[in-house]
Amino acid sequence: MTRLPSLFVSHGAPTFAIEPGLAGPKLTALGQALPRPRAVLVVSPHWMTPSPRVGLAARPQTIHDFGGFDPALYEIIYPVDGHLALAQRALDLLADADWSPQSDERRGLDHGAWVPLRHLYPEADVPAFQVSLPARLDGDSAWAFGAALAPLANEGVLIVGSGSLTHNLAEFRTGAGSDESYVAEFAAWVRNAVVQGDSVR
């Protein structure tokens with residue numbers, strides 16, 4: 001089986017679900033161009049836990065974990081199936097790497113997962129599940145977390161990191177509570193690394 005790439009998607013505001021702009025059609029085209037995955041695994045900053053949790057719901061609910069937006073957003077359902085066998089495989093891989101993961105049979109998909117999936121696979125015909133983002137990761141532990149899940153890419157799983165380069169919107173907009181320059185500096189550093197093709201951690 002061909003190894004699938006891993007993706008990072010900046011999912012923006014929840015309104016991205018109904019205001020696709022330029023990025024929505026690009027995601028749809030990408031979903032059509034990629035080899036068809038057996039399942040999609042999404043890691044989103046909207047589900048953070050002390051240690052990793054793996055969603056094992058057979059039919060993950062659409063979680064509307066936001067407030068104050070267009071009422072139409074709360075009516076959207078992304079009717080996708082889970083993939084219990086591959087979610088269990090993710091759980092086993094994390095356990096083998098000493099991450100002490102737990103299963104979660106009730107957790108659905110937060111907007112960091114279903115909003116980009118709505119564009120990537122608009123027919124909701126590719127099974128999807130989430131793995132929570134461990135809190136308090138640094139660069140090395142984030143790399144190790146990804147490395148633990150990486151074998152899934154050889155097993156037909158499209159691994160998607162969803163969020164933004166900096167996800168604290170208050171600091172992004174105002175610099176509240178810290179030196180606001182770090183947001184722009186980090187974004188510039190990432191852009192340069194991508195342009196240069198720098199894959200070294």
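The values are calculated or read from the model by the stated rules, or taken from the named source; none is laboratory data. Just so it is clear, the structure is predicted and the values come from calculations on it, not from any experiment. Here Cβ is always computed from backbone atoms with ideal geometry, including for glycine, and neighbour counts include all displayed protein chains. Calculation scope for accessible area: heavy atoms of the full protein, side chains included, ligands and nucleic acids excluded. Shrake-Rupley method; radii C 1.70, N 1.55, O 1.52, S 1.80 Å.
Annotations
- Look at the alpha carbon pairs under 8 Å that are at least 6 residues apart: their mean separation over the length of region 93-164 gives a relative contact order of 41 percent.
- Cα-Cα pairs of the chain separated by more than 31 Å (percent): 17
- The residues of the chain expose, per residue, 54 Å² of accessible area to a 1.4 Å probe.
- Of the peptides 184-194, 117-127, the order by per-residue mean of other Cβ atoms within 10 Å, starting with the highest, comes out as 117-127, 184-194.
- For region 101-172: rounded, prolate or oblate by the Cα gyration tensor [a/c cutoff 1.5]: oblate
- The accessible area of Ser100, taken with all protein chains in place and a 1.4 Å probe, comes to roughly 80 Å².
- Residues with amide H under 5 Å from that of Arg53, placed H, sequence gap 5 or more: Gln102, Ser132
- Shape of region 23-108, Cα gyration tensor, a/c cut at 1.5: oblate
- Charging the Cβ of each Asp and Glu at -1 and of each Lys and Arg at +1, and nothing else, the dipole of the chain about its Cα centre rounds to 420 debye.
- Overall form of region 31-80 per C-alpha gyration tensor (a/c, 1.5; a/b vs b/c): oblate
- Annotation: the antiparallel percentage among DSSP beta bridges lying fully within the chain is about 5.
- Dipole axis of the chain (+1 Lys, Arg; -1 Asp, Glu on Cβ), positive-most option in Val43, Ala33, Tyr74: Ala33
- Rounded to the nearest 0.05, the FRET efficiency derived from the C-beta distance between Thr15 and Gln88 at R0 = 41 Å is 0.75.
- Under-5 Å amide H pairs with Phe8, H placed in peptide plane, nonlocal only: Gly161
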